[in-house]
């Protein structure tokens, strides 16, 4: 089984610890992980803002960078959803614009092999107990694209529930968007901030010491709101909790 | 070019992607939803109708055909109605003698009806899953305005034969050419803070009388 | 002409003010959360909801793919049933037709059933200009009309008003239009509903002309369907001598049987009821029952332009249930007025810009009034993929492209004001497509990481006004991997080869077969 990590651009540049945690976790589970250096960004910021044409080279790059791997593991619900839902659309639109099937073919090559991290763990490896240890209180925020585009469902919670010592706290309004939304966060800053403030309030009210999610982009926004308000709650990617063990605690 | 031709022309140009010669029924429609939700005996269907009518604040009563006049009299008296309008198909025997009978007729104006206390009608079909009564202007239901303007509606449903389980089953029995009124509980609104309040323009009191020979149905 | 109200600012500006309105926020939060939970319960009662939803979408798609056929069938059926069918290309023509029809009756007053189509075309204002008074009879529309206000929700146009505000409007304004509110009017919903009942009863009993929309039109039988709660619809559809229904051409469904799907989907999605209190159906006119004269005005007003767009077309499936508004976190905070048209919320964000034949700044901002969270798509009873259409319309804004305007294929240029963003997006894509540049950029960020202040000047302030910025780590993942996982000589090779190899592969990517391996 050849497994590649698509770390995503935001994790690469801003949250390398998440990528490192995925590597630690997968290797602990006996998976040999590769990091194709040719990878970059899935193109979601451009695509979701309307710059579909500017996204196209990144679709091809992704397909080429991950050629030959059986599984592409992505520690981001929204980047995985970008590949799975939007790459085929980009391909179809390019074809409709008379530019052939190159992009459609690229999408077809990668869509079935691209997995969000919790999908890979639960569906491919068939594990929910990954031997993690994190003796703290945690609340889980299901990020929108993982929740609704990938329909991750209970997978993240199943993994968290098996973490030794972890106390999972309920989050009110868990399935409501945190207000990040990519460029929405700056284009509609007032609404985005209002949504973020409500999310932060619910997180505080959960009494958890950290808030966990499968998307660092959302956590960047949530964490930014929490930190600005002087909150002590720590934003954490799920992978970092799952990588934590008694011998090497987070 | 007429506006009709303009609009139809625009529609046709807009659909340039639809293959020429595609028939409408070639566009797939899956009908794999349920005809009725759950298997119920006629008795259970009647019970569900009762439950759902009550849920939406209709008052439900049961009786045998022989007992109907007594029930109607009691309901009109409880409402304090001194007059009652009824369509031609409602037997006079259903109505109490001590209130004024107003016959449904095209000469009745809305103002005339506004002065009438109650209306008594039959129905075309009742839907258990949704607690709905359907009137289709047949002889025992009359013109639409008579069940609208008076503040009290007594609707008689023959059970079990007028009761169906579901919306799809109800539509099968109805004729789209007839004017219909589907009634689910008394008039209501959710316009203030999205809270449901009963009683706006239609009859504020809806009494449903389920009439059957077989008392085990009731 | 534009569906949006005159002089409306772009969405973010309007929303900036409305999000600060704490009373509005609290009214909306209360109302949308109440209905949200109820809807979930009503939907959960039907185990075949997903199948109904699919069927609803498919019936609408079938109708739209053959809309010309069904419209002609409908016209024939309505005419055969004694109705008269009129066609209106746009709002102005629809208003002219209705005004003329009312004038022909000699009446100066009409009663109206709540109708999105007549809101869209500004019918009340057009009638007023001709000296005809149009009385809204839906409770919420009455609140809006008396309060000289605008609707802010599809189902509950006065959702932004709480009971105390409604009491004040009734007490102050009812007397100017007819029967005044009772003395000492309280603010319980029951008392307010009673005041509306008394006020409007006079109007109903006198009404000679009624104006409505319709939720559905059945092509095969010419039957129109109006779904409502209060009974004001029945009053307007039954008591007047003349009935005029203004209906968008997309409201047609092929068969009577098709209603079995929509009469299950709509009430549960809309008011979260098993069935709404009243549904009226009629075909043409009926001897001595209801209006003697029936006119159906079929309205295009941008719908055929929307139909011409293969991605946007699904917008026309909409049955105006407003479930998408009730779950939308953006709507909940910004309120309906910020959307600047009678169609607020997620559906408005895609419908308004498509119906408009004149693109306004507001139109260009509406597709961005969403975090793309997808809650709207999840609840939509006819499965309109609103996020997909939003992104599609964003493309139209920033990339331009071919669209249909008033029936003509037109190439639109990108909207103004996106030059800097476009340059940034292109630069980002270029960088991401050139790993060496990307690596250099990341390293530059690392070196400068201590220099990033927690509060940035514009445009960065849009982020930092309310949120801290993340700290740039001392090393990117890419560099960590290279440092810890790759032998020194391989690093060198990969550093040079990474870009070159992919470039080479991409040149042949279309014809390549079988795995060639990544950079392993």
| Index of the failed condition, residue A:150 passing every other in (1) closer than 21 Å to residue A:168 by Cα; (2) assigned by TED's automatic domain parsing to the domain that holds residue A:181; (3) crowded, with 18+ Cβ neighbours inside 10 Å | (1)
| message | Regarding segment B:65-80, can at least one residue be identified that is in contact (Cβ under 8 Å) with a residue 24 or more places away in the chain, over 20 Å from the mean Cα position of the chain (by Cα) and at positive phi? | response | yes
| query | Which members of segment C:51-65 meet the condition of being in contact (Cβ under 8 Å) with a residue 40 or more places away in the chain, facing chain B (nearest Cβ under 7 Å) and over 12 Å from residue C:253 (Cβ atoms)? | reply | C:52, C:54
| query | Can you name the residue in segment A:225-240 that is part of a helix (DSSP H, G or I) and in contact with a strand residue (DSSP E or B) (Cβ under 9 Å, 6 or more places away or on another chain) and, of all such residues, is farthest from residue A:158 (Cα to Cα)? | reply | A:227
| request: Could you name every one of the helices (runs of 4 or more DSSP H) located completely within segment C:331-399 that has at least 2 residues being more than 12 Å from the chain's Cα centre (by Cα) and within 19 Å of residue C:91 (Cα to Cα)? | output: none
| query | In segment C:116-144, which residues are part of a loop (DSSP other than H, G, I, E, B) and either closer than 18 Å to residue C:2 by Cα or touching a helix residue (DSSP H, G or I) at 6+ places or on another chain (Cβ under 6 Å) (or both)? | reply | C:122, C:130, C:132, C:137, C:138
| field | Identity of the residue in segment A:63-91, facing another protein chain (nearest Cβ under 10 Å) and part of a helix (DSSP H, G or I), that ends up nearest to residue A:218 (Cα to Cα) | value | A:78
| remark: If we ask which residues in segment A:39-62 are surrounded by fewer than 24 Cβ atoms within 10 Å (Cβ to Cβ) and not in a helix (DSSP H, G or I), their number turns out to be 0
| note | In segment C:231-249, anything over 23 Å from residue B:143 (Cβ atoms) and within 10 Å of chain B (Cβ to nearest Cβ) is listed as C:249
| said: Scan segment A:154-163 and tell me whether some residue there is more than 18 Å from the chain's Cα centre (by Cα), assigned to a loop (DSSP other than H, G, I, E, B) and either closer than 30 Å to residue C:398 by Cβ or in contact (Cβ under 8 Å) with a residue 24 or more places away in the chain (or both). | reply: yes
| Is it the case that residue B:19 is under 30 Å from residue B:165 (Cβ atoms) and within 11 Å of another protein chain (Cβ to nearest Cβ)? | no
| message | Within segment B:137-147, take every residue that is in contact with a helix residue (DSSP H, G or I) (Cβ under 7 Å, 6 or more places away or on another chain) and touching a residue at least 40 places away in the same chain (Cβ under 8 Å) and give me the one that is surrounded by the fewest Cβ atoms within 10 Å (Cβ to Cβ). | response | B:137
| said: Which of the numbered conditions does residue B:111 fail, given that it passes all the others? Conditions: (1) touching a residue at least 12 places away in the same chain (Cβ under 8 Å); (2) farther than 30 Å from residue C:67 by Cβ; (3) at the interface with another protein chain (Cβ under 10 Å from one of its Cβ atoms); (4) touching a helix residue (DSSP H, G or I) at 6+ places or on another chain (Cβ under 6 Å). | reply: (1)
| task | Please identify the pairs in which a residue from segment A:107-131 that is farther than 17 Å from residue A:237 by Cα has its Cβ atom under 7 Å from the Cβ atom of a residue that is modelled with pLDDT of 95 or more and in a strand (DSSP E or B), counting only partners at least 6 apart or on another chain. | result | A:110/A:72; A:113/A:71; A:113/A:72; A:114/A:72; A:114/A:74; A:124/A:71; A:124/A:115
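Okay, residues lined up against (1) at pLDDT below 95; (2) in contact with a strand residue (DSSP E or B) (Cβ under 9 Å, 6 or more places away or on another chain); (3) more than 10 Å from chain B (Cβ to nearest Cβ); (4) closer than 26 Å to residue B:153 by Cα:
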residue	(1), (2), (3), (4)
C:229	yes, yes, no, yes
C:251	no, yes, yes, no
C:255	no, yes, no, no
C:259	no, yes, no, no
C:269	no, no, yes, no
C:272	yes, yes, no, yes
| query | Taking segment C:286-324 as the region of interest, how many residues are outside any strand (DSSP E or B), touching a residue at least 12 places away in the same chain (Cβ under 8 Å) and within 11 Å of another protein chain (Cβ to nearest Cβ)? | reply | 18
| Is it true that residue A:172 is under 30 Å from residue C:328 (Cα atoms) and not assigned by TED's automatic domain parsing to the domain that holds residue A:70? | yes
| query | residue B:150 is checked against (1) assigned to a loop (DSSP other than H, G, I, E, B); (2) surrounded by fewer than 21 Cβ atoms within 10 Å (Cβ to Cβ) and fails just one. What number does that condition carry? | reply | (2)
| message | I'm checking my understanding of the structure. Among residues of segment C:477-493 that are surrounded by 14 or more Cβ atoms within 10 Å (Cβ to Cβ) and facing another protein chain (nearest Cβ under 9 Å), which one is modelled with the lowest pLDDT? | response | C:486
| request: Restrict the check to segment C:70-78 and report whether at least one residue is surrounded by fewer than 22 Cβ atoms within 10 Å (Cβ to Cβ), under 28 Å from residue B:178 (Cβ atoms) and more than 9 Å from chain B (Cβ to nearest Cβ). | output: yes
| note | Considering residues that are surrounded by 14 or more Cβ atoms within 10 Å (Cβ to Cβ) and within 25 Å of the chain's Cα centre (by Cα), the number found within segment C:116-132 is 10
| Of all residues in segment C:84-101, which are surrounded by fewer than 23 Cβ atoms within 10 Å (Cβ to Cβ) and either more than 17 Å from residue C:243 (Cβ to Cβ) or in contact with a strand residue (DSSP E or B) (Cβ under 8 Å, 6 or more places away or on another chain) (or both)? | C:84, C:85, C:86, C:87, C:89, C:90, C:92, C:93, C:96, C:97, C:101
| message | I'd like the residue in segment B:163-218 that is part of a strand (DSSP E or B), touching a helix residue (DSSP H, G or I) at 6+ places or on another chain (Cβ under 7 Å) and within 12 Å of chain C (Cβ to nearest Cβ) and, out of all such residues, is modelled with the lowest pLDDT. | response | B:195
| query | Looking at this structure, is residue A:219 within 25 Å of residue A:132 (Cβ to Cβ) and not in a helix (DSSP H, G or I)? | reply | no
| field | Filter pass, residue C:150 being surrounded by 23 or more Cβ atoms within 10 Å (Cβ to Cβ), in a loop (DSSP other than H, G, I, E, B) and under 31 Å from the mean Cα position of the chain (by Cα) | value | no
| Just a yes or no: is a residue in segment C:453-462 under 40 Å from the mean Cα position of the chain (by Cα) and in contact (Cβ under 8 Å) with a residue 12 or more places away in the chain? | yes
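The values are calculated or read from the model by the stated rules, or taken from the named source; none is laboratory data. Quantities reported herein were computed from a predicted structural model and do not represent experimental measurements. As a convention, Cβ positions derive from the backbone with ideal geometry for all residues, glycine included, and neighbour counts pool all protein chains shown.
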